[in-house]
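Colleague: Before anything else, here's the structure in question.
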Amino acid sequence: MPEPPRMIPLYVARVADLRVGTLVGVTCRNCGHVAEIASAVLRERLPPYSFVKQLGPQFRCQSCGVKGADVDARRALGHYG
Ligand SMILES: [Zn+2]
């Protein structure tokens, strides 16, 4: 039986829960630069057991170079659609 679509709360979501084929929004806390990273890329680069909500401080902004971002993984966790 196929697994039904799940909606995973952000506070328990891990990298392994990000749906392949979706994008994770990352917003720089310093300059507001917005980047969208494919879930597949995050799953390749990060440990699957990392908590999604704790990833923000690890991202470095491509625009201003400051580390620390807000992560919006709602779509990647099935919260929309
Ligand atoms: Zn920035």
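The values are calculated or read from the model by the stated rules, or taken from the named source; none is laboratory data. Just so we're clear, the structure is a prediction, and the values are computed from it rather than from any experiment. Because the Cβ atoms are built from the backbone with ideal geometry, glycine has one as well, and the counts that use them run over all protein chains shown.
Colleague: Looking at (1) away from the ligand (no atom under 16 Å from the Cβ); (2) at pLDDT below 95, can you tell me which one VAL15 breaks?
Modeller: Only one criterion in (1) away from the ligand (no atom under 16 Å from the Cβ); (2) at pLDDT below 95 is unmet by VAL15, namely (2).
Colleague: Which residues, taken from the stretch 18-44, are among the charged types (D, E, K, R) and modelled with pLDDT of 95 or more?
Modeller: Result: ARG29, GLU36, ARG43, GLU44.
Colleague: While we're here: Please specify each residue of the stretch 4-24 satisfying the condition of being assigned to a loop (DSSP other than H, G, I, E, B) and over 12 Å from the mean Cα position of the chain (by Cα).
Modeller: Our first condition is that a residue be assigned to a loop (DSSP other than H, G, I, E, B); within the stretch 4-24, this holds for 4-9, 13, 18-22.
The answer is PRO4, PRO5, ARG6, MET7, ILE8, PRO9, GLY21.
Colleague: Another question, if that's okay. Name the residues in the stretch 35-47 that are β-branched (Val, Ile, Thr) and surrounded by 14 or more Cβ atoms within 10 Å (Cβ to Cβ), would you? Before you say what the answer is, go through the steps one by one.
Modeller: Step one: list which residues in the stretch 35-47 are β-branched (Val, Ile, Thr), which gives 37, 41.
Matches in the stretch 35-47: ILE37 only.
Colleague: Then there is this: What's the total number of residues in the stretch 25-51 that are away from the ligand (no atom under 16 Å from the Cβ) and either under 15 Å from GLY68 (Cα atoms) or part of a loop (DSSP other than H, G, I, E, B) (or both)?
Modeller: From the stretch 25-51, those away from the ligand (no atom under 16 Å from the Cβ) are 38-51; that's our starting set.
Going one step further and asking which of them are either under 15 Å from GLY68 (Cα atoms) or part of a loop (DSSP other than H, G, I, E, B) (or both), we end up with 46-50.
Within the stretch 25-51, residues that are away from the ligand (no atom under 16 Å from the Cβ) and either under 15 Å from GLY68 (Cα atoms) or part of a loop (DSSP other than H, G, I, E, B) (or both) number 5.
Colleague: Being assigned to a loop (DSSP other than H, G, I, E, B) and among the aliphatic types (A, V, I, L, M) is the filter here; which residues of the stretch 62-81 pass it?
Modeller: Pass one, the stretch 62-81, residues assigned to a loop (DSSP other than H, G, I, E, B): 62-66, 68, 73-81.
Across the stretch 62-81, the qualifying residues are VAL66, ALA73, ALA76, LEU77.
Colleague: Return the residues of the stretch 45-81 that are of a type in the set (Asp, Glu) and under 14 Å from THR22 (Cα atoms); say none if nothing qualifies. First the steps, then the outcome.
Modeller: We begin by selecting, within the stretch 45-81, every residue of a type in the set (Asp, Glu); these are 70, 72.
Correct list: ASP72 only.
Colleague: Next question, about the same structure. Would you say THR22 is hydroxyl-bearing (Ser, Thr, Tyr), within 16 Å of the ligand (Cβ to nearest atom) and surrounded by 14 or more Cβ atoms within 10 Å (Cβ to Cβ)?
Modeller: Numbers: hydroxyl-bearing (Ser, Thr, Tyr): yes; within 16 Å of the ligand (Cβ to nearest atom): no; surrounded by 14 or more Cβ atoms within 10 Å (Cβ to Cβ): yes.
When the stated conditions are applied, THR22 does not pass them.
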